[in-house]
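Q: I'd like to ask you about the structure that follows.
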Amino acid sequence: MEKMNNAFEKMKMLVGMEVEDGQEQPAIEDGNSFSLMDDFNRQCTFTTKQRFYGFAICLAAGLACTFLSILVFFHPIKFGITFTFGNLLALGSTAFLIGPKRQVSMMLDPVRIYATAIYLASMIIALFCAFYVRNKLLTLLAIILEFGALIWYSLSYIPFARSMVSKIMVSCFDTEF
């Protein structure tokens, strides 16, 4: 039973939840310490129930924005704004479950740093094209880039998914006619 409790406490630490007072907190490594994020994590202590509610509400709002963007598909500027805002909400929803510090560290993990950079850059480009350039074609191209980056970023969380998709794409385009 003690092993089960220890495993449960380790699981809590992995997802950023508070551990019971009797358990030792892992020491913060000096090289990986984000003081702003540490302060933010200390100030934002949610219960498990509050974390799930925050996750569910933020994810539902993000998915609603993303799906409602289909209604304005033929207006690329409106579509770009609602689609990108929905993606930002859905991305932020996981911070409720695992905590913002762990979310940022997972996004900056060497395995997915390029996917994260391209995904965030594509969201900024889509919003820039929608708000400032106001060019429908450029906004539509930015949304296509954002959607592709979203898929590639999402695949980075599934083991071996990106290598499998890469091999499939190479085999599809490598055939001779």
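The values are calculated or read from the model by the stated rules, or taken from the named source; none is laboratory data. Worth saying up front: this structure is predicted, and the values here are computed from it rather than measured. All Cβ positions, even for glycine, are placed from backbone atoms using ideal geometry, and neighbour counts span all protein chains on display. Each accessible area value is taken on the protein alone, full model and side chains, heavy atoms only, with ligands, DNA and RNA left out. Shrake-Rupley method; radii C 1.70, N 1.55, O 1.52, S 1.80 Å.
Q: Within the stretch 84-91, is even one residue open to solvent by 50 Å² or more (accessible area, probe 1.4 Å), of a type outside the set (Lys, Arg) and within 30 Å of Phe46 (Cα to Cα)? Show your work before the answer.
A: Quick first cut of the stretch 84-91, residues open to solvent by 50 Å² or more (accessible area, probe 1.4 Å) only: 85, 88.
Of the ones still in play, those that are also of a type outside the set (Lys, Arg) are 85, 88.
Checking which are within 30 Å of Phe46 (Cα to Cα) leaves us with 85, 88.
Looking for residues that are open to solvent by 50 Å² or more (accessible area, probe 1.4 Å), of a type outside the set (Lys, Arg) and within 30 Å of Phe46 (Cα to Cα), one finds at least one in the stretch 84-91, hence yes.
Q: Same structure again: Of everything in the stretch 94-115, what is under 17 Å from Ala149 (Cβ atoms) and either of a type in the set (Gly, Ala, Ser) or not in a helix (DSSP H, G or I) (or both)? Give them in sequence order.
A: Result: Leu108, Asp109, Val111, Arg112, Ala115.
Q: Among the residues of the stretch 98-106, is any among the polar types (S, T, N, Q) and surrounded by 18 or more Cβ atoms within 10 Å (Cβ to Cβ)?
A: Yes, there is a match, as at least one residue in the stretch 98-106 is among the polar types (S, T, N, Q) and surrounded by 18 or more Cβ atoms within 10 Å (Cβ to Cβ).
Residue-by-condition table, conditions (1) loosely packed, with under 14 Cβ neighbours inside 10 Å; (2) at pLDDT 85 or above; (3) touching a Leu at 6+ places or on another chain (Cβ under 9 Å); (4) within 30 Å of Asn135 (Cα to Cα):
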{"residue": "Met4", "(1), (2), (3), (4)": "yes, no, no, no"}
{"residue": "Ala7", "(1), (2), (3), (4)": "yes, no, no, no"}
{"residue": "Met11", "(1), (2), (3), (4)": "yes, no, no, no"}
{"residue": "Ile57", "(1), (2), (3), (4)": "yes, yes, no, no"}
{"residue": "Phe79", "(1), (2), (3), (4)": "no, yes, yes, yes"}
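Q: Is one or more of the residues making up the stretch 128-140 in contact with a Lys or Arg (Cβ under 7 Å, 6 or more places away or on another chain) and open to solvent by less than 100 Å² (accessible area, probe 1.4 Å)? Walk me through how you get there before you give the answer.
A: Going through the stretch 128-140, the residues in contact with a Lys or Arg (Cβ under 7 Å, 6 or more places away or on another chain) turn out to be none.
No; the residues of the stretch 128-140 include none that is in contact with a Lys or Arg (Cβ under 7 Å, 6 or more places away or on another chain) and open to solvent by less than 100 Å² (accessible area, probe 1.4 Å).
Q: Hey, can you tell me all the residues within the stretch 141-177 that are farther than 23 Å from Leu91 by Cβ, open to solvent by less than 100 Å² (accessible area, probe 1.4 Å) and assigned to a loop (DSSP other than H, G, I, E, B)?
A: Thr175
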